[in-house]
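Take a look at the structure set out below.
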Amino acid sequence: PKYEQEGHAPVKEVEHWFSLVDVHTKAATSEPMTICEIGFNAGHSAAAWTDRYPHARYISFDVFNKNVSHVARAYLRTRNIRYVIGDTAKTLISEEFACDVISIDGDHSFRGAVTDLLNMQRHANPDHLLIVDDLSCKFWWCHQPTQAWELMVSSGNVNATECKNIGCCTGWCWGKYTRVNK
């Protein structure tokens, strides 16, 4: 079968995410208790997160509509991963969980990115870290998620810390939600 894949998280990007988490969790614990990530795709970042923080609980949200997602899920079957399969516009509302680290790399439309950002807000622990991928870069896949991030910041829902990009095609921002529904 053909294995479709939309991309991957470059090593430098994932290493930067880890440094953010390490700094963020240094005062509270040696590693995050729960990592929640929207967007599984080929499982690259899921493998990286669970390698780096093997005792953390990892929750993955994805529609799992690509063959490669199912292959990756089978490959990662021994990891501490909970899979929530379906449209995040519905699954984030129906599920109850609390996240210490939130990584969003899901729907790249403006509406989908705003929905993911808003719906994940209710699951953030008070002292959480929010990392959103595919922002602040020049390629088409960053434009609408960047607009969604900017809306969340300008509306006061997110306190942005910083954004970083590598070359033309990779960028991400981090911060935290200003209002946590706990």
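The values are calculated or read from the model by the stated rules, or taken from the named source; none is laboratory data. Keep in mind that what you see is a predicted model, and the values were worked out from it rather than measured. No Cβ is skipped: glycine too gets one built from the backbone with ideal geometry, and neighbour counts run over all protein chains shown. Accessible surface areas use protein heavy atoms only, side chains included; no ligands, DNA or RNA. Shrake-Rupley method; radii C 1.70, N 1.55, O 1.52, S 1.80 Å.
Some points to look at:
- Members of segment 162-179 that are open to solvent by 40 Å² or more (accessible area, probe 1.4 Å) and either polar (S, T, N, Q) or in contact with a His (Cβ under 8 Å, 6 or more places away or on another chain) (or both): Lys164, Asn165, Lys176, Thr178
- Qualifying residue in segment 140-161 (condition: outside any helix (DSSP H, G or I), open to solvent by less than 20 Å² (accessible area, probe 1.4 Å) and either charged (D, E, K, R) or more than 22 Å from Gly43 (Cβ to Cβ) (or both)): yes
- Residue list for segment 66-98, restricted to those being β-branched (Val, Ile, Thr) and assigned to a helix (DSSP H, G or I): Val68, Val71, Thr88, Thr91, Ile93
- Hey, Val132 open to solvent by less than 80 Å² (accessible area, probe 1.4 Å), under 22 Å from Cys163 (Cα atoms) and in contact with a Cys (Cβ under 7 Å, 6 or more places away or on another chain) or not: yes
- Unique residue being in contact with a Phe, Trp or Tyr (Cβ under 9 Å, 6 or more places away or on another chain) and modelled with pLDDT under 90 when the list is Asn159, Asn165: Asn165
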